[in-house]
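Enquirer: First, the structure itself, so that you have it in front of you.
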Amino acid sequence: MTTPGSPPTTATVPLPPPARPDRAPLKGRLAVLAVTLGIFTIVTTEILPVGLLTRIGADFGISDGTAGLMMTLPGFLAACAAPAVTVATARIDRRLMLCAFIALLALADFLAAAAPGYGTVLFSRVLVGVVIGGFWSIGAGLAARLVPPESVARATAVIFSAVPLGSVIGVPAGTYLGDLAGWRTACAAVGALAVGVLVLTALVTPPLPAGRATDPALLRSLLRGTHTRFALAMTFLAVLAHFGAYTYVTPFLERTTHLASAPTVTVFLLVYGVAGVAGNFAGGALAARRPHTLFGAAAGLLALATLLLPVLGRGPAGALALLVVWGAAYGAVPVASQTWFARAAPGAPEAASVLFTASFQATLSLGALAGGLVVDRASPSAVLTLGGSTAVLVVLLAWLHRVKYVDGDRG
């Protein structure tokens with residue numbers, strides 16, 4: 001079996017070799033922890049509106065679809081910021097950039113908490129988008145610079161565990177706090193967490209001088225690879241399917257499953273997140289060997305869950321069981337996608353992270369926007385059906401890739 005893609009051969013901006021960071025076990029683990037907590041805080045901020053959507057909408061007198069713009073804006077901005085910010089800051093120490101992005105995230109959270117109108121909330125989400133694009137592009141590939149080679153795979157899995165943990169801990173906790181003290185308090189609490197992460201990052205992360213610069217020529221060379229294009233297409237469709245549906249899962253649980261209380265919705269979201277953590281770590285072991293197979297399997301389970309929810313999710317038991325399947329399936333998607341991009345550019349991990357972040361975030365926004373248009377004109381059940389149908393296309397692409405580029409190479 002061939003690996004998905006080969007190293008790019010374009011010239012890059014010449015830079016002095018980066019200084020080898022201090023890789024003492026304790027310091028390396030603390031630095032990985034700081035990056036993980038940074039991504040956890042970013043993910044929590046990004047998807048917190050999923051749990052607070054109806055409350056924020058009611059506070060400002062807007063529809064669910066309009067409130068969904070809180071999910072749409074950050075993704076579009078992140079997709080633009082990922083290549084633009086990474087290229088513009090290619091020569092700046094990565095520790096400094098990580099700290100700058102976390103400080104900007106804290107500002108965005110506090111701004112949302114004090115917002116006098118919905119326009120201010122949306123502006124705060126623009127700032128969140130810049131943070132997502134910049135921090136993810138830099139942080140996702142840092143494990144190799146923070147720990148010894150034998151610990152890189154484990155450190156990478158820990159960093160990516162922040163994505164489902166944001167669903168397990170961040171969103172349910174924020175939703176619960178929003179139920180108790182209001183959504184503004186929830187935003188302020190995440191802002192306070194960001195301040196703590198900023199302090200930790202500044203204290204424990206070693207200097208990280210820029211290494212191989214990510215420039216437009218390098219990104220273009222990666223995009224010309226067939227395997228990279230398959231990864232882009234599958235990421236586009238999988239994330240479109242997921243966030244087109246998941247953004248509006250709270251209205252579905254309230255109106256179709258008829259969950260009677262907000263705390264019950266929070267519990268369901270918590271169970272979904274726990275399943276996501278399990279899917280992340282289970283998928284991490286397979287992704288290193290067969291990311292395309294993992295991608296296809298995860299998409300198939302995602303399609304199954306979202307297509308069956310409108311039918312079997314009208315009662316709490318059926319909805320909860322399918323949310324477990326959904327969470328486990330989607331938990332494997334980010335690690336499969338990032339691994340595929342990284343294998344296409346083994347000598348340029350930051351460039352691979354840029355492509356992953358840009359494609360992921362742009363589609364997240366498009367999914368939330370498309371779901372908002374459907375939910376305002378139809379119902380949350382229709383959104384789930386559309387998401388499941390889209391996920392089926394990912395399965396077909398994974399099969400096509402296997403037939404043309406995996407089984408074909410074996411023959």
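The values are calculated or read from the model by the stated rules, or taken from the named source; none is laboratory data. Computed from a prediction, not measured in an experiment: that's the story for all the values here. Virtual Cβ from ideal backbone geometry, glycine too; neighbours counted across all protein chains shown.
Enquirer: If you go through the stretch 95-151, how many residues are part of a helix (DSSP H, G or I), over 18 Å from Val163 (Cβ atoms) and β-branched (Val, Ile, Thr)?
Expert: Residues that pass the stated criteria total 4.
Enquirer: Tell me, yes or no, whether the stretch 168-178 has at least one residue that is within 21 Å of Ser124 (Cβ to Cβ), at pLDDT below 80 and in a helix (DSSP H, G or I).
Expert: yes
Enquirer: I'm trying to understand the selection: among the residues of the stretch 316-357, which are surrounded by fewer than 24 Cβ atoms within 10 Å (Cβ to Cβ), at pLDDT below 75 and more than 23 Å from Thr293 (Cα to Cα)?
Expert: Selection gives Gly347, Glu350.
Enquirer: Report whether or not Ala140 is at pLDDT below 80, on the phi < 0 side of the Ramachandran plot and touching a Phe, Trp or Tyr at 6+ places or on another chain (Cβ under 9 Å).
Expert: Yes, satisfied.
Enquirer: How many residues does the stretch 143-189 contain that are surrounded by 21 or more Cβ atoms within 10 Å (Cβ to Cβ) and among the polar types (S, T, N, Q)?
Expert: Here the count works out to 4.
Enquirer: Just one of (1) among the charged types (D, E, K, R); (2) in a helix (DSSP H, G or I); (3) out of contact with any helix residue (DSSP H, G or I) (no Cβ under 9 Å at 6 or more places or on another chain) trips up Arg91, so point out which.
Expert: (2)
Enquirer: When the stretch 64-85 is examined, which residues are found to be among the hydroxyl-bearing types (Ser, Thr, Tyr) and either touching a Cys at 6+ places or on another chain (Cβ under 9 Å) or modelled with pLDDT under 80 (or both)?
Expert: Of everything in the stretch 64-85, just one residue is among the hydroxyl-bearing types (Ser, Thr, Tyr) and either touching a Cys at 6+ places or on another chain (Cβ under 9 Å) or modelled with pLDDT under 80 (or both), namely Thr72.
Enquirer: State yes or no: is Gly57 in a helix (DSSP H, G or I), free of Cβ contacts under 8 Å to residues at least 40 places away in the same chain, surrounded by 20 or more Cβ atoms within 10 Å (Cβ to Cβ) and not polar (S, T, N, Q)? Write out each step before concluding.
Expert: Values: in a helix (DSSP H, G or I): yes; free of Cβ contacts under 8 Å to residues at least 40 places away in the same chain: yes; surrounded by 20 or more Cβ atoms within 10 Å (Cβ to Cβ): yes; not polar (S, T, N, Q): yes.
Spelling it out, Gly57 is indeed in a helix (DSSP H, G or I), free of Cβ contacts under 8 Å to residues at least 40 places away in the same chain, surrounded by 20 or more Cβ atoms within 10 Å (Cβ to Cβ) and not polar (S, T, N, Q).
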